[in-house]
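Undergrad: Pasting in a structure now, in structure tokens, and then I'll have a few things to ask.
The values are calculated or read from the model by the stated rules, or taken from the named source; none is laboratory data. Just so we're clear, the structure is a prediction, and the values are computed from it rather than from any experiment. Here the Cβ is made from the backbone with ideal geometry for all residues, glycine too, and neighbour counts use every protein chain on show. For accessibility, only protein heavy atoms count, side chains too; no ligands or nucleic acids. Shrake-Rupley method; radii C 1.70, N 1.55, O 1.52, S 1.80 Å.
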Amino acid sequence: MESTEEQGRTESSRSERRPRVRRNVTAAIAQHICADRYPSGSPLPRENDLCELYGVSRTVIRESLKVLESKGLVRGKPRVGTTVCDRDEWNILDAEVLDWMGPYIKDFDLLGCILEARRTIEPAAAEYAAERASAQEIADLDKAWRQMRDSASEPESFTDADVMFHAVLLAASHNQVFRRLSSAIHAALKYALHASNIAVENREDAVLVHGELVEALRMRDKAGARECANRMLDLAVRDLAAAEKAIGRTK
């Protein structure tokens, strides 16, 4: 028989393994949904069949389905089972959902949708920021820009600084709706910027226009700030085309 101490170690080991197992199974089911192995409107296999398919217990399957339901991918009903939701119901701004969509993301035209949202929001936010940004917010934007400049040859670090720049810009507009939108699209924006940044070899144009936007805010130049934001988005159109081409090659 196991001692109390050995039983404790066993239980601890199980509790450490289960979240990792659950995450892997959740991701596997989600990726199969994204790949249309389980199409929208269709029922998922029964619990027992899912257990056999993914080699885990019913507890793990139930926990995974709860996660997927919370993100809008599936819906469970008593005596009916679990059904795959229409794509319009998915929380596509969730970081995990974006990750699960992975190589299928081009099918959702998500990068284009994010760009359309930025076209609507960022020029206005830049103009408001030129009027309303605090000295500290302009300093934070300058810091993010310098990090972009200094990591132009490192896509991961460049993307982190790029995301920070845009988050600070929306906050510096002092528009509560824009601030909320910044939080809502953070994961999607990071995904889009990362896709663009790894698809292009030269980021000097992006560094230049981001720096010019910081200077426009310092000068309280509202028209100049809006113009810089529009130029950033013109570059984003170019980079989006390169990103989508790269995604197409890897599918």
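Undergrad: Only residues that are over 15 Å from M219 (Cβ atoms) and surrounded by fewer than 18 Cβ atoms within 10 Å (Cβ to Cβ): list them for the stretch 124-133, please.
TA: Scanning the stretch 124-133 gives a single hit, A124.
Undergrad: Out of (1) part of a helix (DSSP H, G or I); (2) out of contact with any His (no Cβ under 9 Å at 6 or more places or on another chain), the odd one out for N91 is which?
TA: (1)
Undergrad: Moving on to the next point. Looking at the stretch 144-158, I want the residues that are open to solvent by 40 Å² or more (accessible area, probe 1.4 Å) and have a partner that is outside any helix (DSSP H, G or I) and among the polar types (S, T, N, Q) with Cβ atoms under 8 Å, at least 6 apart or on another chain. Which pairs are those?
TA: Listed by first residue and then by second, the contacts come to S157/S151.
Undergrad: With of a type outside the set (K, R), modelled with pLDDT of 95 or more and over 23 Å from L111 (Cβ atoms) as the only criterion, which of A229, A216 stands out?
TA: A216
Undergrad: In this structure, is G81 surrounded by fewer than 16 Cβ atoms within 10 Å (Cβ to Cβ), farther than 30 Å from L240 by Cα and not hydrophobic (A, V, I, L, M, F, W, C)?
TA: Yes.
Undergrad: In addition: More than 22 Å from the chain's Cα centre (by Cα) and open to solvent by less than 20 Å² (accessible area, probe 1.4 Å): which single residue out of L213, L233, L189, L208 fits that description?
TA: Checking each option against the conditions leaves just L213.
Undergrad: If only one of L169, L240 is assigned to a helix (DSSP H, G or I) and either out of contact with any helix residue (DSSP H, G or I) (no Cβ under 8 Å at 6 or more places or on another chain) or buried (at least 22 other Cβ atoms within 10 Å of the Cβ) (or both), which one is it?
TA: L169
Undergrad: State the number of residues belonging to the stretch 43-59 that are over 14 Å from N24 (Cβ atoms) and open to solvent by 70 Å² or more (accessible area, probe 1.4 Å).
TA: Of the residues in the stretch 43-59, 5 are over 14 Å from N24 (Cβ atoms) and open to solvent by 70 Å² or more (accessible area, probe 1.4 Å).
Undergrad: Sticking with this structure for a sec: For the stretch 134-153: of the residues being part of a helix (DSSP H, G or I) and small (G, A, S), which is nearest to I198 (Cα to Cα)?
TA: Our first condition is that a residue be part of a helix (DSSP H, G or I); within the stretch 134-153, this holds for 135-150.
Still in the running and small (G, A, S): 135, 139, 144.
Numbers: A135: 32, A139: 27, A144: 18 Å.
The selected residue is A144.
Undergrad: Which pairs do you get when a residue that is among the basic types (K, R), found in the stretch 240-251, comes within reach of a residue that is loosely packed, with under 14 Cβ neighbours inside 10 Å and modelled with pLDDT of 60 or more, reach meaning Cβ atoms under 7 angstrom, with the pair 6+ apart or on two chains?
TA: Listed by first residue and then by second, the contacts come to K251/P103.
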